[in-house]
Amino acid sequence: MQAWVIGNWKQNPATSQEVNALLDDLLSRVDAGERAKTQASKTQCHLMVAPSNIHLATVHTRLANSALLCAAQDVSAHSESTGAYTGDCSAQQVADAGATWTLLGHSERRQYHNESHNCLLNKLSHAFSQNLSVVFCIGETQEQYDNNQTFEIIDTQLSVIKDLLAQQPDITASLSERLIIAYEPVWAIGTGKVPTVAEVSKTHQHIKQTVAGFADMADTVTVLYGGSVNADNAESFAADTMIDGALVGGASLKADSFLAIADAFSQADTESNK
Ligand code: 13P
């Protein structure tokens, strides 16, 4: 399985100029890497960035001839297309701006926008209806982790997928290509604190088994780890066969660290052919 390394830019960078500078840096290094690619390092991971909606069309245009994909960070729960929903952006609109994927259910959306089970069920349904694939984010808080509730919380969050498949069973056949789960413990996001690789591995195994239990899937679902991933710790996560890639926040805002993380996962892929 080819790994995924995805940059969630969140509400960054501040200006179009800074977005373009980051893209200049990313594109020049990716191009140079492509040219230097040897037979031995031919396996590359999938690379994707998720900018703010305001920058989506620019990022899409600039990445059009590169190996990098473009994702939205969210879509409207209210309508997949148009409507009187001030401030919202629909799945159709982000797809039209160039996104082929969208993040959904990020803990910052759950925390600051009170995203509920039904809200996320609508968003998933809208995204799939508009042919967007989905990176669905889940994870427990520090308190839940301390109380050993990680699996319980994750099961509740994953039940949105189960309900979606009950509503739209036709999605099942292509689910493993159209859905990625990102396990992001809330307490590890932006804190520099990370769970051990063994803990992440065990949780990913649980996630894969749970999603496989919802649907008779030919392939296992891709599960990424997110939360304080950086150039120094990426290699240890990449070495574990249960960890199919990374969802990266802060370290995705610098081409150097983002591509170092991508290299760690590409290297692990080449070595283990996992
Ligand atoms: P950090 O990598 O900054 O901890 O953020 C992780 C994250 O929230 C990615 O979605």
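The values are calculated or read from the model by the stated rules, or taken from the named source; none is laboratory data. Just so it is clear, the model here is predicted, and its values are computed rather than measured. Note that we place each Cβ from the backbone using ideal geometry, even for glycine, and neighbour counts take in every protein chain shown. When the accessible area is computed, the model is the full protein with side chains, heavy atoms only, and any ligands, DNA or RNA have been set aside. Shrake-Rupley method; radii C 1.70, N 1.55, O 1.52, S 1.80 Å.
Structural remarks
- Condition met for residue 209 (farther than 21 Å from residue 243 by Cβ and not β-branched (Val, Ile, Thr)): no
- Scanning the stretch 127-152 for residues that are open to solvent by 30 Å² or more (accessible area, probe 1.4 Å) and either in contact (Cβ under 8 Å) with a residue 60 or more places away in the chain or assigned to a helix (DSSP H, G or I) (or both) returns 129, 142, 143, 144, 145, 146, 151, 152.
- Single residue of the stretch 207-250 satisfying the filter (free of Cβ contacts under 8 Å to residues at least 40 places away in the same chain and within 14 Å of the ligand (Cβ to nearest atom)) that is most open to solvent (accessible area, probe 1.4 Å): 232
- Being open to solvent by 70 Å² or more (accessible area, probe 1.4 Å) and in contact with a helix residue (DSSP H, G or I) (Cβ under 8 Å, 6 or more places away or on another chain) is a property that residue 202 lacks.
- Of the residues making up the stretch 169-193, those that are open to solvent by less than 60 Å² (accessible area, probe 1.4 Å) and either free of Cβ contacts under 8 Å to residues at least 40 places away in the same chain or on the phi > 0 side of the Ramachandran plot (or both) number 1.
- Matching residues in the stretch 251-266 - criterion: being under 22 Å from residue 196 (Cβ atoms), crowded, with 20+ Cβ neighbours inside 10 Å and of a type in the set (A, V, I, L, M): 251, 261, 264
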